[in-house]
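Peer 1: One structure, pasted below without further comment.
The values are calculated or read from the model by the stated rules, or taken from the named source; none is laboratory data. Everything quoted here is computed from the prediction, not taken from an experiment. A quick note on method: Cβ atoms are made from the backbone with ideal geometry, for glycine too, and the neighbour counts reach across all protein chains shown.
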Amino acid sequence: MIQLSGAGKRFGHKLLFENTDWLITPRDRIGLVGANGTGKTTLMKILAGMDTLDYGTLTIAKGTTAGYLPQDGLSLSGRTVFAECMSVFTDLLAMEQELEKLLHLFAELDHTSAEYAEVADRYHSLEHEFQTRGGYSIEAEVGRVLMGLGFRKEDWQRQTDEFSGGWQMRLALAKLLLQKPNLLLLDEPTNHLDLEARNWLEDYLREYPHAYVLISHDRYFLDVTVNKIAEIWNKRFWFYTGNYEKFLTQKTQRNVQLQAAYKNQRERIEQLEVFINRFRYQATKAKQVQSRIKELERMERIEIPPEEKTIHFSFPQPKPSGRIVAEFKDVAKIYPARESSQTNGSKAGSEKEVFHDVSFLIERGDRIALVGVNGAGKSTLIKLLAGVEKTTAGEFRLGHNVQTDYFAQDQYKELDPDARILDDLGDASAGSTQTELRSLLGCFLFSEDDVFKKIGVLSGGERGRYALLRLLLHPANFLLLDEPTNHLDMRAKDVLLDALMEYTGTVVFVSHDRYFIDKLATRVFEIGDGKVEVYPGNYEDYLWRKQGGQQVAPTLENVPGMQLVGEATGSRKSSPAQAQGAPLFAEVARSGNGQGHAPAEGQKKRLNPIKRKQMEDRIRELEAEISRTESAIAQCEKALQDFVSAEETHRQSEELEQNRNAHATLVAEWEELSGSLQDSG
C-alpha cells in the first residue's frame, strides 16, 4: 500500500533516519516507537503527504487514502458537534439529496414515458450505492463514535467553538474515525482521552477494517492495539512482530545477537589484519594477502549503537504521618452557577452537585487512583484533599503529622518565568551538583542546551514536566497528583513510576495511563453520579470486580455439581489470575437425567472401543502436529529478528500468522478430544 525505499530525512543539520526500507500492507497495525526527537512525528507527516523525504522514495498505491491526527493544534468552529461530524459524509449527503429530488420527479412524470424509465434507473442505481456505503446508518454511526469518545447527547447540538482544546482534538479524532481512511495515522491519540474513552478506542481499533500507524506513550494501549512495532533507533528503523511487550523481549534478544556478531566480526578483522601485516612484504604470500585485503574491504562493518542509559532516581523519603491520613464523613460539594466547573470544556455552567454523602478513609502508604469520566469530579476531589477548595457539607480532616503537596494540571503557573531551569532547580535542591541536576533534568526530557532555557519560553507540556520534577525533589508525606503522566514519554514515566513505588508516603493520583495505574495503585476510587466507590487492588482488579467477579463466589458454594478451585473469590492474590482466564470453579461431569447432579464414577458414558481407539490415535497425531507447528513458529520468530528486506519481512510475518492460526486450531481440537476421553472414563 505504501513503501519507503532508501528513505532518509534531516531536520536542519540533524539526521533523523536514513537507508529506511519499509512496506505498509493493507491490514497492518503498527506502533511507531522511539525516543523523543528521533523523527516519529516527522515520519507520520511524510506518510500523510504533509512533508517530503530528503533521500529515497515514497511509493503510494493507487486508491490509498491517508488520514492524519496530530498531537494538538486543531480547532473547529461554525457548526454544531453533530453537524461537524456529519460533514465527513458530504458525498453521501449529496446522494441523499439527489434521491429526494428523484422521488419528486417520480410523482411528476408519466410512468409510461422514457424519461420516467431513465429516472427510475438512476434512482435504483443511486439507492443501491447509497445503501451499500452505509448511507442509511451514518447518523447512528456518528452517534456511536461521539458517545464512545465521551460526548453526551446534550453536547451534540452545541457549537464546536464552545469546547476546550482537548475536546476539540476528540472531535477531530471522531471525524477521522468516521472517514475510515485506508491508512490511519494517529500521533498520540490518547493524550486527550480519559480511561473510558481509551478503552472504547482500543475496541474500535481492534475492529478497524484498514491499516493504521500510531504513536503512543501508553504501553497498555500499544499492547492491545498493534501487532507490529517499528522502532527508530540510532538513525535506523528496526522492525518487530508482536505488540509492545513482545517488542521489548525481541529487542533484548536482538541486542544480544548484535553484540555477539560484533564480537565475532572484530575477532575476524583482527585475524585478517595480523595476517596482512605479517606477510605484506613476502612475495610467496602476496596472493593470500590480497585476498584478505579484499575480504576486509567487502566486509560490512557492524556498528554497536550507544547504549540507552538506564536511569534510576529515588526521591527523598518524607517523615511518616499517622495511620489515618485523611477522612471524609458525609461530604458534599456543590458548585453554584457562578462558580460551576466547566465540564466538557463548556464556557458556561449551571449549579452542579459533584458529591453528596461521601465517606471514606485514606491510610498511610495507600496509593489511590481516581478514575471516572471527564467531569465526574476527580480533580475536584484532589482539590478538596489539598485544601484548595472547601466542602459544601460534611466533615473533612487530615490526620496527625500529615504534610500535603499538590500537583495541579496548571502547576507551572506558579513558577518564575524569568528563571533559567538549571538555576531554579539548583535553588530548590541546595547541595546537589551540576552533574546531578542535569542527570535529573534528563530523566524528565530536558537535555543539552534545554537546561539553560528560561521557564517562560517553555511549552505548556515542558513547564508541566518541570513543575512535577520540582515538586518531587522534596516531597511531603501526602502527595496529590493530578495527571502527572501527561507529556511524559515512556522513559520518563518509568522513572516517575519507580520512584513513586519506592516512596513511603501516601499518594492520591489521577492518570489516564492504564499501565501506570496498574503498576502503582493499591486502591481505586471510582467517581461518578455524586458518589465515590472504593475498590481494593489496581485497575485490573477494579475492572474484574466491576464485571461481577466479587459477587460470584458466595453464590457457588451450595450449587449442586460445582466445585470451588483455588483461593476464595475476592482474595487480592487470586483475582488477577481469575480475571485472565484461570477457572473460578470446575464443573463436574453431569448425568443425562436433567437434574444437574454429579453422577457417580460408574455412571459415566462409555465410548465404543473402536471409537476410543480412533480418538486416541487422532490425539497422538495432533500432538505431533502441534510440536511441528511450534517448531515452525519458533523458526519464523527467529528469522524475523534478522531484517533482509521489507518484502521478506512481510512474507515471514504472513507465514508466522498462518502457523499460529494452525497451532490454535490443532490445540482446540486436541482439547476437545482429550476432554471427551476424560469424561468417558
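Peer 1: Criterion first (over 21 Å from residue 198 (Cβ atoms) and modelled with pLDDT under 90) does residue 137 satisfy it? Break it down into steps so the answer makes sense when it comes.
Peer 2: Numbers: over 21 Å from residue 198 (Cβ atoms): yes; modelled with pLDDT under 90: yes.
Yes, satisfied.
Here's the yes/no breakdown for (1) over 20 Å from residue 208 (Cβ atoms); (2) surrounded by fewer than 20 Cβ atoms within 10 Å (Cβ to Cβ); (3) among the hydroxyl-bearing types (Ser, Thr, Tyr):
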position: 132; (1), (2), (3): no, yes, yes
position: 136; (1), (2), (3): yes, yes, yes
position: 156; (1), (2), (3): yes, yes, no
position: 169; (1), (2), (3): no, no, no
position: 179; (1), (2), (3): no, yes, no
position: 184; (1), (2), (3): no, no, no
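Peer 1: Can I ask one more? Scan the helices (runs of 4 or more DSSP H) fully inside segment 52-152 and keep the ones with 1 or more residues being touching a residue at least 40 places away in the same chain (Cβ under 8 Å) and out of contact with any strand residue (DSSP E or B) (no Cβ under 7 Å at 6 or more places or on another chain).
Peer 2: The qualifying helices (runs of 4 or more DSSP H) are 81-86, 90-108, 138-148.
Peer 1: Please state which of the following conditions residue 445 fails to meet, knowing it meets all the rest: (1) surrounded by 17 or more Cβ atoms within 10 Å (Cβ to Cβ); (2) within 30 Å of residue 320 (Cβ to Cβ); (3) within 30 Å of the chain's Cα centre (by Cα).
Peer 2: Looking at each condition in turn, residue 445 falls short on (2).
Peer 1: Pairs please, first residue from segment 261-281 and at negative phi, second anywhere and in a loop (DSSP other than H, G, I, E, B) and among the basic types (Lys, Arg), Cβ atoms under 8 Å, 6+ apart in sequence or on different chains.
Peer 2: Cβ pairs passing all conditions: 265/301.
Peer 1: For segment 118-145, enumerate the residues that are within 14 Å of residue 80 (Cα to Cα) and touching a helix residue (DSSP H, G or I) at 6+ places or on another chain (Cβ under 6 Å).
Peer 2: 142, the sole residue that qualifies.
Yes or no, residue by residue, for (1) buried (at least 18 other Cβ atoms within 10 Å of the Cβ); (2) more than 30 Å from residue 123 (Cα to Cα):
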| position | (1), (2) |
| --- | --- |
| 9 | yes, yes |
| 27 | no, yes |
| 32 | yes, yes |
| 39 | yes, yes |
| 44 | yes, yes |
| 52 | no, yes |
| 58 | no, yes |
| 88 | yes, no |
| 93 | no, no |
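Peer 1: List the residue pairs whose Cβ atoms are under 7 Å apart, where the first residue sits in segment 647-670 and is in contact (Cβ under 8 Å) with a residue 12 or more places away in the chain, the second is hydroxyl-bearing (Ser, Thr, Tyr) and not in a helix (DSSP H, G or I), and the two are 6 or more positions apart or on different chains.
Peer 2: What qualifies is 650/25; 653/241; 656/241.
Peer 1: When you check residue 517 against the structure, is it in a helix (DSSP H, G or I), β-branched (Val, Ile, Thr), touching a Ser or Thr at 6+ places or on another chain (Cβ under 9 Å) and in contact (Cβ under 8 Å) with a residue 24 or more places away in the chain, yes or no?
Peer 2: On the way: in a helix (DSSP H, G or I): yes; β-branched (Val, Ile, Thr): yes; touching a Ser or Thr at 6+ places or on another chain (Cβ under 9 Å): yes; in contact (Cβ under 8 Å) with a residue 24 or more places away in the chain: yes.
Judged against the criteria, residue 517 is a match.
Peer 1: Looking only at segment 89-114, which residues are in contact with a helix residue (DSSP H, G or I) (Cβ under 8 Å, 6 or more places away or on another chain) and either farther than 18 Å from residue 142 by Cβ or not hydrophobic (A, V, I, L, M, F, W, C) (or both)? Even if it seems obvious, please write down each step before you answer.
Peer 2: Here is the first cut: in segment 89-114, the ones in contact with a helix residue (DSSP H, G or I) (Cβ under 8 Å, 6 or more places away or on another chain) are 89, 92-93, 95-96, 98-99, 102-103, 105-106, 109-110.
Within segment 89-114, 96, 98, 99, 102, 103, 105, 106, 109, 110 meet the criteria.
Peer 1: Something else: Any idea how many residues of segment 227-258 are basic (Lys, Arg) and either surrounded by 19 or more Cβ atoms within 10 Å (Cβ to Cβ) or modelled with pLDDT of 90 or more (or both)? Outline the logic, then answer.
Peer 2: Keep residues of segment 227-258 that are basic (Lys, Arg), which gives 228, 235-236, 246, 251, 254.
Now narrow it down to the ones that are either surrounded by 19 or more Cβ atoms within 10 Å (Cβ to Cβ) or modelled with pLDDT of 90 or more (or both): 228, 246.
Here the count works out to 2.
Peer 1: Let me ask something else about it. Modelled with pLDDT under 90, farther than 19 Å from residue 476 by Cβ and assigned to a helix (DSSP H, G or I): which single residue out of 499, 492 fits that description?
Peer 2: Result of the check over 499, 492: 492.
Peer 1: Further question on the same structure: Of the residues 494, 498, only one is surrounded by fewer than 19 Cβ atoms within 10 Å (Cβ to Cβ) and under 29 Å from residue 31 (Cβ atoms); which? Explain how you work it out, then say what you get.
Peer 2: Details: 494 fails: surrounded by fewer than 19 Cβ atoms within 10 Å (Cβ to Cβ).
One residue alone meets the criteria, 498.
Peer 1: When you check residue 263 against the structure, is it out of contact with any Pro (no Cβ under 6 Å at 6 or more places or on another chain) and either assigned to a loop (DSSP other than H, G, I, E, B) or over 23 Å from residue 198 (Cβ atoms) (or both), yes or no? Walk me through it before giving the result.
Peer 2: Details: out of contact with any Pro (no Cβ under 6 Å at 6 or more places or on another chain): yes; either assigned to a loop (DSSP other than H, G, I, E, B) or over 23 Å from residue 198 (Cβ atoms) (or both): yes.
When the stated conditions are applied, residue 263 passes them.
Peer 1: Just one of 213, 224 is closer than 30 Å to residue 190 by Cβ and surrounded by 19 or more Cβ atoms within 10 Å (Cβ to Cβ); which is it? Break it down stepwise before answering.
Peer 2: Details: 224 fails: surrounded by 19 or more Cβ atoms within 10 Å (Cβ to Cβ).
Result: 213 is the single residue among 213, 224 that is closer than 30 Å to residue 190 by Cβ and surrounded by 19 or more Cβ atoms within 10 Å (Cβ to Cβ).
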